[in-house]
Amino acid sequence: MCVRATNRQGGITLDGNGRGNLGDDLRRRMIFLRSMISHPRRVGAVWPTSRWAVRDLLDMGDLPRARTVVEFGVGTGVYTGEILERLHPDASFLAFEIEPDLASTVAERLGNDPRLRVINDSAENVEEYLDGAKADYIVSSIPFTSLPAGPRQSILGAARAALKPDGKMLVLQYSTTVLPYLQRLFAPIERRLSPLNIPPAFLFACSVSEEPVREEVPDSAESDRLPYALGALALGTLLFLLRRLGRRRR
Ligand SMILES: C[S@@+](CC[C@H](N)C(=O)[O-])C[C@H]1O[C@@H](n2cnc3c(N)ncnc32)[C@H](O)[C@@H]1O
C-alpha cells in the first residue's frame, strides 16, 4: 500500500511496500513515456538511463561513506534502487521527483526502506527538506540542457548550497552543453563518458568550488534544440534495433 503524507513544506513524502516485477517495470516505463509526452523539456528522455550508465555515474563517488545523499529527478527509480544498494545502513536519502505519477510508483516499490524519502516536489526546494543538514552527494539526471534558464539556474544554485564543502554533485547528461553552467559553480569537474548507454551519456563529478560564482553564461538557441535532436536520434536507434530484432526472429 502506498502511504501519502503532506509535509510542512507542502511537498508530498511517500512511503510504500517495495513490490516489483516485470509487469510493474513495463508499467513504470509507460508512465515515464507518458510524462515525457506531457513535459518533454522537463523529462528530457524517452526511456530510463541504462544500468551501465547508472553504475558508471555512481562509481564516480564513494556512496558507502556518505551519510546524506540526495537524488534529483528520480524517474522510474533506476538510480534510486542502485543508490540504496550502495548506501550505509545509517544514511539518509532524499529523492526528488516533480512528476507525481513517477514519484508515487517509485515510492510504492522502494519507499519502505527507512533510509529513503521520495519527495514529490521540485529539486529547487531541496534545502527546505534537509532541515539544516548538508549533503555528501547529489545525484542528478535532470535534463539541464532542455530546461528553461530560470529553473536550471535555481536547481544548480540550490544543489551547490545544499552540499557539504567536500560534497559532490554527480550529473548525467546527453550532451556537454551544461558544462559552462556547472563550471560557474563547481570546480574541479571530473568528466567521463558512458558509451553503452543509448545515446552515450556524459558524466560529471562536480566538487564544490571555493571560488566566487562566475559571470552568467549566455543562452544559445543551439542548447534548446540539442535535446530534441538527441531524442530523435535515440528514437531512431530504438526503431533500428527493433527492426533488426524482428528480422532475426523471422
Ligand atoms: C532524464 S529523466 C531521468 C529519470 C531517471 N533518473 C533516469 O535516469 O532514468 C529526468 C527526470 O527529472 C525529473 N525532473 C525534471 N525537473 C525536475 C525538478 N525540478 N525536480 C525534480 N525532478 C525533476 C523529470 O520528471 C524526470 O523524471
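A few comments on the model shown:
- Of the residues making up segment 58-94, those that are near the ligand (Cβ under 9 Å from one of its atoms) and not in a helix (DSSP H, G or I) are 71, 72, 73, 74, 75, 76, 77.
- Count - residues of segment 127-148 that are out of contact with any strand residue (DSSP E or B) (no Cβ under 9 Å at 6 or more places or on another chain) and more than 17 Å from residue 98 (Cβ to Cβ): 2
- Of all residue pairs spaced 6 or more apart or on separate chains, those with beta-carbon atoms under 7 Å, a first member in segment 25-51 that is over 18 Å from residue 145 (Cα atoms) and surrounded by 14 or more Cβ atoms within 10 Å (Cβ to Cβ) and a second member that is at pLDDT 90 or above and among the hydroxyl-bearing types (Ser, Thr, Tyr) are 28/76; 28/105; 29/76; 31/105; 32/76.
Residues are listed down the side, and each one gets a yes or a no for (1) in contact (Cβ under 8 Å) with a residue 60 or more places away in the chain; (2) within 16 Å of residue 45 (Cβ to Cβ):
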| site | (1), (2) |
| --- | --- |
| 109 | yes, no |
| 119 | yes, no |
| 126 | no, no |
| 136 | yes, no |
| 139 | yes, yes |
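- Candidate set from segment 177-199 (those that are within 16 Å of the ligand (Cβ to nearest atom) and of a type in the set (Val, Ile, Thr)); member that is nearest to residue 139 (Cα to Cα): 178
- Of the residues 193, 238, 233, the single one that is at pLDDT 95 or above, farther than 25 Å from residue 126 by Cβ and loosely packed, with under 14 Cβ neighbours inside 10 Å is 193.
- Residues in segment 42-55 that are part of a helix (DSSP H, G or I) and under 14 Å from the mean Cα position of the chain (by Cα) were compared, and the one that is nearest to residue 71 (Cα to Cα) is 54.
- Whenever a residue of segment 79-96 is polar (S, T, N, Q), its partners that are assigned to a helix (DSSP H, G or I), lying with C-beta atoms within less than 8 angstrom and at least six residues away or across chains, give the pairs 80/106; 80/110.
- Among the residues of segment 112-168, the ones that are in a strand (DSSP E or B), touching a Lys or Arg at 6+ places or on another chain (Cβ under 8 Å) and charged (D, E, K, R) come to 2 in all.
The values are calculated or read from the model by the stated rules, or taken from the named source; none is laboratory data. All values derive from a computational prediction rather than experimental measurement. Methodologically, a virtual Cβ is constructed for each residue, glycine included, from the backbone with ideal geometry; neighbour enumeration extends over all protein chains shown.
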